[in-house]
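Below is one structure; the comments refer to it alone.
The values are calculated or read from the model by the stated rules, or taken from the named source; none is laboratory data. Just so we're clear, the structure is a prediction, and the values are computed from it rather than from any experiment. Virtual Cβ from ideal backbone geometry, glycine too; neighbours counted across all protein chains shown. Ligands, DNA and RNA are excluded from the accessible area calculation, which covers all protein heavy atoms including side chains. Shrake-Rupley method; radii C 1.70, N 1.55, O 1.52, S 1.80 Å.
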Amino acid sequence: VLVEFEEYLALIEAPQSEARTLAVIDRVRELQPDKPLQYVINTHHHFDHSAGIRAVVSEGLTVVTHEVNRSFFEDIVARQHSIVQDALARNPQPLTMETVVGDEMYELNDGGRTLRIYRIVDDIHCDGIVMAYLPRERILIEADAYSPTSREAPFADVLLRNIEMRGLQVNSILPIHGGTVP
């Protein structure tokens, strides 16, 4: 998911693999060549949401995730890739990370658009999982808490409690796994 701000861009997730993440980054830069891609918001550490983190770091992007995930990503970035060199081994960069602290809100805002990032409290799927909310548009972006194409939704009640607890006014949910739903 790409979020456009007045001065920069933010991508939600570094998905699936290095190749997929680099392809997504290339496409973002092709679509918006005049705006820098600055941030990648990672919802949680599971591979289908984070396997491209080393590629993101190689591109000099700032990773935003919950503080629970910090040591995991620090470890991934510090690992050597000497047999098969990946993007980070070919273009070493330091990890730049900003974190959602506890249950507090983290916000990206450049005057024209606001993106709020919250931890999904009490989610048994993943302790450090976050959701992103665009208040003006009333869009909630989330991963794995609710997938509209799934027959079962074991984490949806927790997502709803978090939406209500934070007083979010949600008109649409944009799940990472599935299409936008009201």
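Being under 13 Å from H44 (Cα atoms) and not small (G, A, S) is the filter here; which residues of the range 142-172 pass it?
E142, D144, listed by residue number.
So which residues in the range 73-110 are in contact with an Asp or Glu (Cβ under 6 Å, 6 or more places away or on another chain) and open to solvent by 60 Å² or more (accessible area, probe 1.4 Å), if there are any at all?
V101
Based on what the data block shows, is E104 part of a strand (DSSP E or B), modelled with pLDDT of 95 or more and among the acidic types (D, E)?
no
Looking only at residues that are surrounded by 14 or more Cβ atoms within 10 Å (Cβ to Cβ) and acidic (D, E) in the range 138-164, which one is nearest to E13 (Cα to Cα)?
Per the criteria, the residue is E142.
Quick one: what pairs do we get from the range 136-150, first residue more than 16 Å from R161 (Cα to Cα) and without any contact (Cβ under 8 Å) to a residue 12 or more places away in the chain, second open to solvent by 50 Å² or more (accessible area, probe 1.4 Å) and of a type in the set (K, R), C-beta under 8 Å, 6+ apart or different chains?
Listed by first residue and then by second, the contacts come to nothing, as the list is empty.
Among the strands (runs of 3 or more DSSP E) contained in the range 1-55, which hold 2 or more residues that are on the phi > 0 side of the Ramachandran plot and open to solvent by less than 10 Å² (accessible area, probe 1.4 Å)?
none
On the given criteria, is I129 touching a residue at least 24 places away in the same chain (Cβ under 8 Å) and touching a His at 6+ places or on another chain (Cβ under 6 Å)?
So I129 passes the test.
Restricting attention to the range 56-72, report how many residues are surrounded by fewer than 24 Cβ atoms within 10 Å (Cβ to Cβ) and either of a type in the set (F, W, Y) or part of a helix (DSSP H, G or I) (or both).
Of the residues in that region, 6 qualify.
For I176, indicate whether it is β-branched (V, I, T), open to solvent by less than 30 Å² (accessible area, probe 1.4 Å) and either under 17 Å from the mean Cα position of the chain (by Cα) or modelled with pLDDT under 85 (or both).
no
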